[in-house]
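Report on the structure given below.
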Ligand code: AMP
């Protein structure tokens, strides 16, 4: 399946969740087995050479792609959640969104010093969410092996927010 075909499975929803935002809806892609499979295959290719110890998936749509990728690569899956959801000792960090702000948390023992982590989310907009996740990794003396996204909203310059971190996205809007 070509990238153009994968792209056609992402629907633009104007004015969601508020006026002026074009929401990139990945549910048609998820509902298309061949498209979803091809997406995970391409993400797996982009993980090549990064020597990761685990996938770090960001709530909530990052879980979908992160889980499938972890399964494909036979890697441990660790999850970064919105505040108050994790049951054990966690560290928290504030992050900015395209539409608001929140906190992200990870179990303290999910990130090991010196461990290499592939950060996975469905989409990078301003980069605030991924940047906060990278800070969580560094706070625990972990290493960000690469940040992987299905979609990049290039006009929002999320890559800049991530500085020197290696960033790969499959599709740019
Ligand atoms: P950001 O922190 O600005 O890079 O925002 C990325 C996070 O917000 C991702 O988890 C996305 O799922 C979500 N997000 C932000 N903007 C959009 C958008 N226009 N369409 C779909 N999801 C979005």
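Which one of these is buried (at least 23 other Cβ atoms within 10 Å of the Cβ) and within 28 Å of residue 10 (Cβ to Cβ): 64, 124?
Details: 64 fails: buried (at least 23 other Cβ atoms within 10 Å of the Cβ).
Criteria check complete, one pass: 124.
Restricting attention to helices (runs of 4 or more DSSP H) lying wholly within region 1-108, give those where 3 or more residues are at pLDDT 95 or above and either in contact with a helix residue (DSSP H, G or I) (Cβ under 7 Å, 6 or more places away or on another chain) or within 26 Å of residue 138 (Cβ to Cβ) (or both). Even if it seems obvious, please write down each step before you answer.
Working: elements: 3-8, 27-30, 33-46, 61-73.
Filter on region 1-108 gives 33-46, 61-73.
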Going through region 82-104 one residue at a time, which ones are away from the ligand (no atom under 12 Å from the Cβ) and surrounded by 13 or more Cβ atoms within 10 Å (Cβ to Cβ)? 83, 86, 90, 91, 92, 93, 103
If you scan region 37-67, which residues turn out to be within 16 Å of the ligand (Cβ to nearest atom) and without any contact (Cβ under 8 Å) to a residue 60 or more places away in the chain? 59, 60, 63, 64, 66, 67
Filtered residues of region 51-60 (kept if closer than 17 Å to residue 36 by Cα and surrounded by 17 or more Cβ atoms within 10 Å (Cβ to Cβ)): 57
Log entry, pairs with first residue in region 91-110 being within 17 Å of residue 156 (Cβ to Cβ) and in contact (Cβ under 8 Å) with a residue 40 or more places away in the chain, second being in a helix (DSSP H, G or I) and within 13 Å of the ligand (Cβ to nearest atom), beta carbons closer than 9 Å, six or more apart or on different chains, reads 98/128; 98/156
(1) more than 11 Å from the ligand (Cβ to nearest atom); (2) part of a strand (DSSP E or B); (3) touching a residue at least 40 places away in the same chain (Cβ under 8 Å) all hold for residue 121 apart from (1)
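How many of the residues in region 109-118 are more than 16 Å from residue 62 (Cα to Cα) and either near the ligand (Cβ under 6 Å from one of its atoms) or in contact with a helix residue (DSSP H, G or I) (Cβ under 8 Å, 6 or more places away or on another chain) (or both)? Explain how you work it out, then say what you get.
In the first step, residues of region 109-118 are kept if they are more than 16 Å from residue 62 (Cα to Cα); the result is 109-116.
Subsequent filtering for residues that are either near the ligand (Cβ under 6 Å from one of its atoms) or in contact with a helix residue (DSSP H, G or I) (Cβ under 8 Å, 6 or more places away or on another chain) (or both) retains 111.
Summing the residues that are more than 16 Å from residue 62 (Cα to Cα) and either near the ligand (Cβ under 6 Å from one of its atoms) or in contact with a helix residue (DSSP H, G or I) (Cβ under 8 Å, 6 or more places away or on another chain) (or both) in region 109-118 gives 1.
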Please verify whether region 133-155 includes one or more residues that are near the ligand (Cβ under 10 Å from one of its atoms), outside any strand (DSSP E or B), in contact (Cβ under 8 Å) with a residue 12 or more places away in the chain and buried (at least 16 other Cβ atoms within 10 Å of the Cβ). yes
Given the conditions (1) more than 14 Å from the chain's Cα centre (by Cα); (2) under 22 Å from residue 50 (Cβ atoms), every one holds for residue 130 apart from (1)
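The values are calculated or read from the model by the stated rules, or taken from the named source; none is laboratory data. All values derive from a computational prediction rather than experimental measurement. As a convention, Cβ positions derive from the backbone with ideal geometry for all residues, glycine included, and neighbour counts pool all protein chains shown.
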